[in-house]
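The values are calculated or read from the model by the stated rules, or taken from the named source; none is laboratory data. The structure displayed is predicted, hence computed values, not measured ones. Every residue, glycine among them, receives a Cβ derived from its backbone with ideal geometry; neighbour counts consider all protein chains shown.
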Amino acid sequence: MNALRSSVSIVALLLVANSTLALAEPEDQTVRQAPGSPEQVRQALAILPRVGTNQIVVMPTVSAVSVAIQPGLSEGEDWLKVLHETLGENTAPSTLAEGAFILNRPGIIVQGPNELLIFVPDKADRRAGEGPVLLMPCQTLEQLETEWIGQPVEISGEIFTYHDRNQLLISAYLIGTSTPSEPAIQQDTSPVDPSSLEDDPAVRDLLEELNFGAEPSDSTPKSARERIEPINQIGQRAQVTTSTIGGLDEGTLILRRPSRMIRNGSGAWTIVFDNDNPDAPDSVDFIVEPCRMLMRMENIVMQSGDAGRLLVSGRVYTYKGGHYILPTLMQRVRPQEINSLQ
């Protein structure tokens, strides 16, 4: 009986083991791959091939930095570029420090943008840091333009710097070159009788020219008085016309005047002084000469806008009817410093 039970138990265990093995074996003998494995990707591409495209990858963009344009006195056009196009060659501009002086430097003049002039010193006579430089507006420059017709010149002046560009404020000039090789004219050194000079018609005409503007006296001959009186009238008309021109004369000093700085129609910085009288000599707009002081004033105006007020000191210059100012001292006026009683 015990033997029969043992044999039944063994048969039952064998049946259970066979059923367990049958359940453990998968129906599909294919080896399962991990998700995202190279083999699984290869199988997926074989079933559904990827279609290629010509799309260009777009990278993240960087915002552009805004750079303010500084027109200055050349209305935004780079005078150095104009010079290179005129001369047909590239030359290094002047790189002197502000306050440096140029004395009796020979060179040539080239027409620049906005009818301004560019001085190009001779290469043989240049010092370290010297090069082409833009001439700043002033009466001396205006006088030079009326006399210059393309000759070489010798120029003296002071250097000012504006945004890494040198400007030259000329104080003296000499047009043309001397010709010492010409023989000197022999002069007659024999004594001359003064009475004989008075009888010479050419000498009488010269004496009358030297008396230009003098009031004719009773002892003056009638013919001479008739010539002098119309000349005096012309001189008086010219003097009245000159005196009626508005604005301040060149060389006038302005000390600590409240003002504001704005752009004019051509883009140049302009000083407008606080003045209740529109007929006052300083009621005109003054274009600011390019210099480092102007760069400091620019920073204040760019930050404060129309609310920026300045106490400005400087020297007045004139050029072709326009008024300019070279600032020498500047102080910012803050809103809390404004007194309503001023």
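When Pro132 is tested against (1) over 20 Å from Thr318 (Cα atoms); (2) out of contact with any helix residue (DSSP H, G or I) (no Cβ under 6 Å at 6 or more places or on another chain), just one condition goes unmet, and that condition is (2).
Taking the options Glu158, Glu147, Glu115, name whichever one is without any contact (Cβ under 8 Å) to a residue 12 or more places away in the chain and within 18 Å of Thr318 (Cβ to Cβ).
Numbers: Glu158 fails: without any contact (Cβ under 8 Å) to a residue 12 or more places away in the chain; Glu147 fails: without any contact (Cβ under 8 Å) to a residue 12 or more places away in the chain.
Step by step, each of Glu158, Glu147, Glu115 is checked, and only Glu115 is without any contact (Cβ under 8 Å) to a residue 12 or more places away in the chain and within 18 Å of Thr318 (Cβ to Cβ).
I'd like the full set of residues that are touching a Gly at 6+ places or on another chain (Cβ under 8 Å) and touching a residue at least 40 places away in the same chain (Cβ under 8 Å), limited to the range 272-291. Residues satisfying the conditions are Ile287, Pro290. For the range 101-130, name all the residues that are small (Gly, Ala, Ser) and crowded, with 18+ Cβ neighbours inside 10 Å. Result: Gly107, Gly112.
Would it be correct to say that Gly267 is over 16 Å from the mean Cα position of the chain (by Cα) and modelled with pLDDT under 85? Can you show your working first?
Numbers: over 16 Å from the mean Cα position of the chain (by Cα): no; modelled with pLDDT under 85: yes.
No, not satisfied.
Yes/no per residue for (1) touching a His at 6+ places or on another chain (Cβ under 8 Å); (2) surrounded by 14 or more Cβ atoms within 10 Å (Cβ to Cβ); (3) under 16 Å from Tyr162 (Cα atoms):
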{"site": "Arg260", "(1), (2), (3)": "no, yes, no"}
{"site": "Ile287", "(1), (2), (3)": "yes, yes, yes"}
{"site": "Leu294", "(1), (2), (3)": "no, yes, yes"}
{"site": "Gln303", "(1), (2), (3)": "no, no, no"}
{"site": "Val312", "(1), (2), (3)": "no, yes, no"}
{"site": "His323", "(1), (2), (3)": "no, yes, no"}
{"site": "Pro327", "(1), (2), (3)": "no, yes, yes"}
{"site": "Arg332", "(1), (2), (3)": "no, yes, no"}
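In the range 91-107 there is at least one residue matching the filter, namely being at pLDDT below 90 and either outside the structural domain of Tyr317 (by TED's automatic domain parsing) or over 21 Å from the mean Cα position of the chain (by Cα) (or both).
So, in the range 262-285, of the ones that are β-branched (Val, Ile, Thr) and under 20 Å from Met136 (Cβ atoms), which residue ends up surrounded by the fewest Cβ atoms within 10 Å (Cβ to Cβ)? In this case the residue turns out to be Val284.
Within the bounds of the range 267-279, is there any residue that is assigned to a helix (DSSP H, G or I) and within 25 Å of Glu158 (Cβ to Cβ)? For the range 267-279, residues assigned to a helix (DSSP H, G or I) and within 25 Å of Glu158 (Cβ to Cβ): absent.
The combined condition, being without any contact (Cβ under 8 Å) to a residue 40 or more places away in the chain, outside any helix (DSSP H, G or I) and in contact with a Gly (Cβ under 9 Å, 6 or more places away or on another chain), is fulfilled by Val120.
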